[in-house]
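Data first, discussion second: the structure below is written as structure tokens.
The values are calculated or read from the model by the stated rules, or taken from the named source; none is laboratory data. A quick note: this is a predicted structure, and the numbers were derived from the prediction, not measured. Neighbour counts are summed over all protein chains in view; Cβ atoms, including those assigned to glycine, are modelled from backbone coordinates with ideal geometry. The area values use the complete protein model at the heavy-atom level, side chains included, leaving out ligands, DNA and RNA. Shrake-Rupley method; radii C 1.70, N 1.55, O 1.52, S 1.80 Å.
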Amino acid sequence: LSLHVGRSGEVWGAGDEGAWKLADETFLHYTEADGLEGPSVWTSIDLGGTLWVGTTDGLYRQTDRGFARDPRVAARADVRELLPTAGGRLWIATSAGLIRDDGPGRRRTFTTADGLATNTLVDIAEGPDGRLWVAMTEGLASVAPDGTVRAYSAADGLPDPYVNSILFDRAGTLWAATDGGLVRLVGDRLVEVPTGRGGAAVYAITSAPDGTIWGGFGEYGLVRYPGGAPGRPVLHPFEGALEGATLYALRVAPDGTLWAGTNRGLVALDVSRARPGRPLPATLYGADRGFTPVEVNHGAMRWDAEGR
């Protein structure tokens, strides 16, 4: 019924059902109306200009008309992570095992029959030696290029069987975030990485271009390892609207901003103003700013070629 330009250039509107503000940053949402039948999205990647999405109801690819289900993954199977590697190979981490797709007619699924502790996968990463590493709800495993599976458990130094996130640092060392804290692979053993929070659960882990490793606690905020040095944890608690928030996902954007996915929304964190023991300046995107899903799943953040 009326429009008003605010002090900062924002546009306010009033209508029959209330007032709204048009922000300078907006979100475009894809839902069941676009063909995504899965109620939750775990991950997404861009392959050759096509967006692929892993959901709690299988794998989908974007088309001109929305999204279409891909037959490589059965319906009602969670697709937790998608990882393209050399030679056109695509690894698909699911709740029914690990799929290695080398093209039409060349597909293999790794399950407990091959040595995995469980078929419920959480995250995957490729090591510099070509081994594929698998984070699971019941342990950690590696898959050699010849298909040999090596499982890691408490006997190998794993502090908790639930492995939430894995990555390789710039030195090629594997880090794993678990419900019992952080560990690194040294030789063939998993060694605890001090976090300053004892054995508190670390739900997410990511790395920055300068080698810094960031970890996200379940409810305590962030831990930082400058240069990737495992013996120098720097804590950054959450405060204000984020105090007590549960952190599920972490990613570093191309511009260096650290983004966190929480149960209260998407959070942009300014790492350039990081001070030990102090919260990072944060911008929270919740339902009031157009981010209506609110909760962000692990691994569900990606940037496209345009920086979106």
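Condition check ((1) touching a His at 6+ places or on another chain (Cβ under 9 Å); (2) within 22 Å of Glu219 (Cβ to Cβ)) across all residues:
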position	(1), (2)
Ala135	no, yes
Glu138	no, no
Gly147	no, no
Tyr152	no, no
Asp156	no, no
Asp160	no, yes
Asn164	yes, yes
Ala177	no, yes
Gly180	no, yes
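The requirement of being basic (Lys, Arg) and without any contact (Cβ under 8 Å) to a residue 24 or more places away in the chain is fulfilled somewhere in the range 73-84, by at least one residue. Scanning the range 24-43 for residues that are hydroxyl-bearing (Ser, Thr, Tyr) and either modelled with pLDDT under 85 or within 19 Å of Leu121 (Cα to Cα) (or both) gives Thr26, Ser40, Thr43.
Taking the range 145-178 as the range and being assigned to a loop (DSSP other than H, G, I, E, B), under 27 Å from Asp101 (Cβ atoms), touching an Asp or Glu at 6+ places or on another chain (Cβ under 8 Å) and not small (Gly, Ala, Ser) as the test, only Tyr162 passes.
Restricting the search to strands (runs of 3 or more DSSP E) fully inside the range 1-60 and requiring at least 2 residues that are surrounded by 15 or more Cβ atoms within 10 Å (Cβ to Cβ) and touching a residue at least 60 places away in the same chain (Cβ under 8 Å) gives 41-47.
Got a sec? Which of Ala75, Ala86 is modelled with pLDDT under 95 and open to solvent by less than 50 Å² (accessible area, probe 1.4 Å)?
Details: Ala86 fails: open to solvent by less than 50 Å² (accessible area, probe 1.4 Å).
The match here is Ala75.
Would you check if Asp179 is within 20 Å of the chain's Cα centre (by Cα), of a type in the set (D, E, K, R) and open to solvent by 50 Å² or more (accessible area, probe 1.4 Å)? So Asp179 fits the description; yes. Only one of the listed residues (Arg108, Arg100) is open to solvent by less than 70 Å² (accessible area, probe 1.4 Å) and in contact with a Lys or Arg (Cβ under 7 Å, 6 or more places away or on another chain). That residue is Arg100. Against the numbered list (1) open to solvent by 40 Å² or more (accessible area, probe 1.4 Å); (2) touching an Asp or Glu at 6+ places or on another chain (Cβ under 7 Å); (3) not hydroxyl-bearing (Ser, Thr, Tyr), Gly66 comes up short only at (1).
Restricting Asp129, Asp123 to those that are acidic (Asp, Glu), surrounded by fewer than 16 Cβ atoms within 10 Å (Cβ to Cβ) and within 22 Å of Ser207 (Cα to Cα) reduces the list to Asp129.
Restricted to strands (runs of 3 or more DSSP E) entirely inside the range 200-308, those with at least 2 residues that are of a type in the set (Val, Ile, Thr) and either touching a helix residue (DSSP H, G or I) at 6+ places or on another chain (Cβ under 6 Å) or surrounded by 14 or more Cβ atoms within 10 Å (Cβ to Cβ) (or both) are 202-207.
Within the range 177-198, residues that are under 16 Å from Pro233 (Cβ atoms) and modelled with pLDDT of 95 or more have Cβ atoms under 8 Å from residues that are aromatic (Phe, Trp, Tyr) and assigned to a strand (DSSP E or B) in these pairs: Ala177/Tyr203; Leu182/Trp175; Val183/Trp175; Arg184/Trp175; Val193/Trp175; Val193/Tyr225; Thr195/Phe217, counting only partners at least 6 apart in sequence or on another chain.
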